[in-house]
Amino acid sequence: MRLLVTGGAGFIGSALARMAVGRGDDVLVVDKLTYAGHRSSLRDIEDAPGFSFARADICDTRAVLAALEAFAPDAVLHLAAESHVDRSITGAGDFINTNIVGSFRLLEATRAWWERLDPAARERFRFLHVSTDEVFGSLGVEGAFTEASPYDPRSPYSASKAASDHLVRAWGHTYGLPVIISNCSNNYGPRQLPEKLIPLMILNALEGLPLPVYGDGLNVRDWLHVDDHARALLALVDRGRPGATYAVGGRSERSNIAVVQKVCALLEALKPAASPRSTLIEHVKDRPGHDRRYAIDPTRIETELGWRAEECFESGMEATVRWYLDNEWWWRPLRAAGHGVARLGLPVTGAASGVRT
């Protein structure tokens, strides 16, 4: 297939691009290369046959349309997004612009191009919108999100993703664009930006820095290895039903404190220090509106498409820690640039929050 991947230099997007190239697809990555997108994440496939890269902003309709016309994809996989809840608390404007306005402009460019295709090509085409379980809000101690869960976003990030989900559904219903939506649980694995929980804990622990855990640390997430997520997205492009939504999860619920303790235990086994890394754990003030629990029921994608998460949390975490130990070349420049150094997620007022006075 010919796959156009927006946000393909990011964490999930680069994993998807590498996997797609590995199976023989032609891939065009379209990425603005913001703080979260890095060409180094694509180093393994930069010279691969069929791979190409275009630096462009999804808010730039003309640039996106030019990429569509030049590449003529069989599918657009839309992963370009501002994706960090903590950043959305202190700077919601970027999330509104990229996740809502950018998705609208990408949809419009794609529709304009798609409507000019011959009937067979229009029938083959797919637009896959990659979203999050956070659009559904917070769960109690039991239950799991499904494709039928009502929307109840609680943060600027999740609200912006909910809006983009609704836009994609509307473009499918109104214009007939063959859209598919996926809502995934928390991802982890290699090449994740150091400000996210797992790489932040790994790298802080290696450097003997505090391991800040929000609140009591008992907030629960369903963890999905990024390679399992990439496999799911390719299955959706290959066999997913236009108009359908698929919940993608790893069936691996863990509390945040359990995740941090797992990181500490793995580092003690793989790279012992003078004192246990667990002594670096610090409970800090909780972030505003911190959802208590997320969990995904992935029965639909498992039964309809035969996809299942292949990586259990224990083996996936060990492989992830080993990757960060072995690939300082990738994360060291990011740490030097400030990623994962300062704590994010505390509310601010005035100009810093996007308000102009």
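Identify, please: which residue in the range 252-279 is touching a helix residue (DSSP H, G or I) at 6+ places or on another chain (Cβ under 6 Å) and surrounded by 18 or more Cβ atoms within 10 Å (Cβ to Cβ) and is, among those, nearest to Gly215 (Cα to Cα)?
Residue satisfying both the conditions and the ranking: Val260.
Take the residues of the range 20-60 that are surrounded by fewer than 15 Cβ atoms within 10 Å (Cβ to Cβ) and of a type in the set (Gly, Ala, Ser): which is modelled with the lowest pLDDT?
Gly50
Determine whether Ala17 is surrounded by 23 or more Cβ atoms within 10 Å (Cβ to Cβ), free of Cβ contacts under 8 Å to residues at least 60 places away in the same chain, part of a helix (DSSP H, G or I) and touching a Phe, Trp or Tyr at 6+ places or on another chain (Cβ under 9 Å). Don't jump to the end; show me each part of the working.
Values: surrounded by 23 or more Cβ atoms within 10 Å (Cβ to Cβ): yes; free of Cβ contacts under 8 Å to residues at least 60 places away in the same chain: yes; part of a helix (DSSP H, G or I): yes; touching a Phe, Trp or Tyr at 6+ places or on another chain (Cβ under 9 Å): yes.
It is true that Ala17 is surrounded by 23 or more Cβ atoms within 10 Å (Cβ to Cβ), free of Cβ contacts under 8 Å to residues at least 60 places away in the same chain, part of a helix (DSSP H, G or I) and touching a Phe, Trp or Tyr at 6+ places or on another chain (Cβ under 9 Å).
Pull up the range 61-91, narrow it to residues that are modelled with pLDDT of 95 or more and among the acidic types (Asp, Glu), then point me to the one that is farthest from the chain's Cα centre (by Cα).
Glu69
Filter the range 208-249 down to the residues that are crowded, with 21+ Cβ neighbours inside 10 Å and either at positive phi or among the aromatic types (Phe, Trp, Tyr) (or both) and list them by number.
Trp223, Tyr246, listed by residue number.
Is it true that Glu268 is in contact with a Pro (Cβ under 8 Å, 6 or more places away or on another chain) and at pLDDT 95 or above? Spell out the reasoning first.
Details: in contact with a Pro (Cβ under 8 Å, 6 or more places away or on another chain): yes; at pLDDT 95 or above: yes.
Taking the combined requirement at face value, the residue satisfies it.
One residue is enough: does the range 91-104 have a residue meeting the conditions buried (at least 16 other Cβ atoms within 10 Å of the Cβ), touching a Cys at 6+ places or on another chain (Cβ under 6 Å), assigned to a helix (DSSP H, G or I) and of a type outside the set (A, V, I, L, M, F, W, C)?
Scanning the range 91-104, I find at least one residue that is buried (at least 16 other Cβ atoms within 10 Å of the Cβ), touching a Cys at 6+ places or on another chain (Cβ under 6 Å), assigned to a helix (DSSP H, G or I) and of a type outside the set (A, V, I, L, M, F, W, C), so the answer is yes.
Hey, among Arg322, Arg308, Arg292, which residue is within 21 Å of Asp152 (Cα to Cα) and surrounded by fewer than 18 Cβ atoms within 10 Å (Cβ to Cβ)?
Numbers: Arg322 fails: within 21 Å of Asp152 (Cα to Cα); Arg308 fails: within 21 Å of Asp152 (Cα to Cα).
None of the others qualify; the one that does is Arg292.
How do the pairs read when you match residues in the range 172-185 that are surrounded by fewer than 23 Cβ atoms within 10 Å (Cβ to Cβ) with residues anywhere that are part of a loop (DSSP other than H, G, I, E, B) and not charged (D, E, K, R), using Cβ under 6 Å and keeping only pairs 6 or more apart or on different chains?
Pairs that qualify, where the first residue is surrounded by fewer than 23 Cβ atoms within 10 Å (Cβ to Cβ) and the partner is part of a loop (DSSP other than H, G, I, E, B) and not charged (D, E, K, R), are Gly172/Gly243; Pro178/Phe125; Pro178/Pro242.
Can you list residue pairs whose Cβ atoms sit under 6 Å apart, with the first residue in the range 244-255 being touching a residue at least 40 places away in the same chain (Cβ under 8 Å) and part of a strand (DSSP E or B) and the second being of a type outside the set (A, V, I, L, M, F, W, C) and surrounded by fewer than 21 Cβ atoms within 10 Å (Cβ to Cβ)? Count only pairs 6 or more apart in sequence or on different chains.
Correct list of pairs: Thr245/Glu147; Tyr246/Arg300; Ala247/Thr146; Ala247/Glu147.
Which count do you get for residues in the range 61-82 that are in contact with a Leu (Cβ under 9 Å, 6 or more places away or on another chain), part of a loop (DSSP other than H, G, I, E, B) and buried (at least 18 other Cβ atoms within 10 Å of the Cβ)?
Kept after step one, since they are in contact with a Leu (Cβ under 9 Å, 6 or more places away or on another chain), are these residues of the range 61-82: 61, 64, 67-68, 70-80.
Subsequent filtering for residues that are part of a loop (DSSP other than H, G, I, E, B) retains 72-74, 79-80.
Still in the running and buried (at least 18 other Cβ atoms within 10 Å of the Cβ): 73, 79-80.
Going through the range 61-82 one residue at a time, the tally reaches 3.
When you check Ala120 against the structure, is it under 28 Å from Gly22 (Cβ atoms) and crowded, with 16+ Cβ neighbours inside 10 Å, yes or no? Give the steps one after another, and end with the answer.
Details: under 28 Å from Gly22 (Cβ atoms): yes; crowded, with 16+ Cβ neighbours inside 10 Å: no.
Here the answer is no, as Ala120 does not meet what is asked.
The values are calculated or read from the model by the stated rules, or taken from the named source; none is laboratory data. Note that this is a predicted model, so its numbers are computed, not measured. All Cβ positions, even for glycine, are placed from backbone atoms using ideal geometry, and neighbour counts span all protein chains on display.
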